[in-house]
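S.K.: Below you'll find the structure I mean.
Derivation of every value follows stated rules applied to the coordinates shown; laboratory data play no part. As the structure is a prediction and not an experimental result, all values here were calculated from the model. FYI the Cβ positions are ideal-geometry reconstructions off the backbone, even for glycines, and counts take in every protein chain you see.
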């Protein structure tokens, strides 16, 4: 499925929503904890960077399919995703457990 | 988060909140007001319904009868079925794990030319029973509805002879399921 070119506006809005989640909500960063949150059915939205290795990406998508949780493919690599989370390290995948004040769960999983 | 309505999951049956919302918003009930937006009931309902929709999204999938693939250990690459899951662990194992019954030796391919004796020999299944960490399993979308709850229990792994009797019983049940021809995916060897 060819994704339409992400406009700058939607990209910024995702970043804003992520920043709000980092400030007010609960999340986990990293592959191991993402799988853990999916197994315990605590994760509500999974975000994967675009340079995630394809086997790992398919594995996370499969788990999310079993858990009926949305997956968002972030338009940026793990460096960008880490920066969007406000961290000084790379983040390949993250799981949002509690969005806090953000509406990221409702607005973002338009694409799967 | 608000209290869950009597432990019912919203996806299974309409919860009391959803029923009440439907009741108040139906046109026959409120003939005077065209839209029920001003009704005191509906002001509270949408937020609670949204919360329930969020709750409805989370699905636990590591449940009994789920087919999984063991990833580590001696039985790596073997297919197994979850008999009992311990999500929060026990005192001995402080992590999420489950009791699985799996196939040690898959049944061979049976062809039409084979005699009855040969098909019987080829349809044999060798089983194992094991406690496996969730991290060492790959869940699949398949399920296997074989009733193993009474034979495979947590205490059947205590001693060797209990383990052997449990394996023998699961072997019998797996073999009869294989002979019916159902769940063919489960009884084929995973090629890797």
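S.K.: Cα gyration tensor of the range A:6-112, axes a ≥ b ≥ c as square roots of the eigenvalues: rounded (a/c below 1.5), prolate (a/b > b/c) or oblate? Working shown, then result.
M.R.: Details: a/c = 1.35, a/b = 1.19, b/c = 1.14.
Judged from the Cα gyration tensor, the range A:6-112 comes out rounded (a/c under 1.5).
S.K.: How far apart, in nanometres, would the label points at residue B:165 and residue A:65 be if each is projected 7 angstrom from Cα along the Cα-to-Cβ direction?
M.R.: It is 4.2 nm.
S.K.: For a footprinting-style exposure proxy, rank B:189, A:9 by other Cβ within 10 Å, fewest first.
M.R.: Details: B:189 14, A:9 7.
So the residues, fewest neighbours to most, are A:9, B:189.
S.K.: Can you sort B:155, A:80, B:87 from fewest to most other Cβ atoms within 10 Å of each residue's own Cβ? Mind dumping the intermediate values first?
M.R.: Working: B:155 8, A:80 18, B:87 15.
Ascending number of Cβ neighbours within 10 Å: B:155, B:87, A:80.
S.K.: At 7 Å along the Cα-to-beta-carbon direction for both residue B:142 and residue B:85, put a label point, then send me their distance in nm to one decimal.
M.R.: It is 1.8 nm.
S.K.: Here is a follow-up. For every helix of n ≥ 4 consecutive DSSP H residues, a contribution of -39,500 (n - 2.57) applies; sum these over chain A, divide by its total residues, and give [θ] at 222 nm rounded to the nearest 500 deg cm²/dmol. It would help to have the intermediate numbers written out before the result.
M.R.: On the way: 5 runs with 51 residues, N = 112.
Value at 222 nm, helices only: -13500 deg cm²/dmol.
S.K.: If you don't mind, another one. Taking the beta-carbon count within 10 Å as an exposure proxy, list A:36, B:160, B:60 from fewest neighbours to most. Intermediate results must be reported in sequence, preceding the final value.
M.R.: Working: A:36 18, B:160 8, B:60 13.
Going from sparsest to densest Cβ surroundings: B:160, B:60, A:36.
S.K.: Relative contact order, percent, of the range A:27-98 when contacts are C-alpha pairs under 8 Å separated by at least 6 residues?
M.R.: Values: 129 pairs, mean separation 35.1, N = 72.
Relative contact order, the range A:27-98: 49 percent.
S.K.: Moving on to the next point. Taking R0 as 41 Å, what FRET efficiency do you get between residue A:103 and residue B:180 from their Cβ-Cβ distance, rounded to the nearest 0.05? The partial results should precede the final answer.
M.R.: Details: r = 50 Å, r/R0 = 1.22.
Efficiency, rounded to the nearest 0.05: 0.25.
S.K.: Further question on the same structure: Over all directions, how big on average is the projection of the convex hull of the alpha-carbon atoms in the range B:60-187, in square nanometres?
M.R.: Details: hull surface 32.7 nm².
For the range B:60-187, averaging the hull's shadow over all directions gives 8.2 nm².
S.K.: Related question: How much length, in nm to one decimal, is gained on full extension between residue B:158 and residue B:59, taken as 0.36 nm per residue of separation minus their Cα-Cα distance?
M.R.: On the way: separation 99, 0.36 × 99 = 35.64 nm, distance 3.24 nm.
Gain on stretching residue B:158 to residue B:59: 32.4 nm.
S.K.: Residues of the range B:83-105 with amide nitrogen under 16 Å from the 7 Å Cα-to-Cβ point of residue B:149?
M.R.: Output list for this probe position: B:83-87, B:99-101.
S.K.: So between residue A:7 and residue A:77, what do we pick up on full extension, going 0.36 nm a residue minus the alpha carbon distance? Before the final figure, lay out the partial values.
M.R.: Details: separation 70, 0.36 × 70 = 25.20 nm, distance 1.66 nm.
Gain in length upon complete extension: 23.5 nm.
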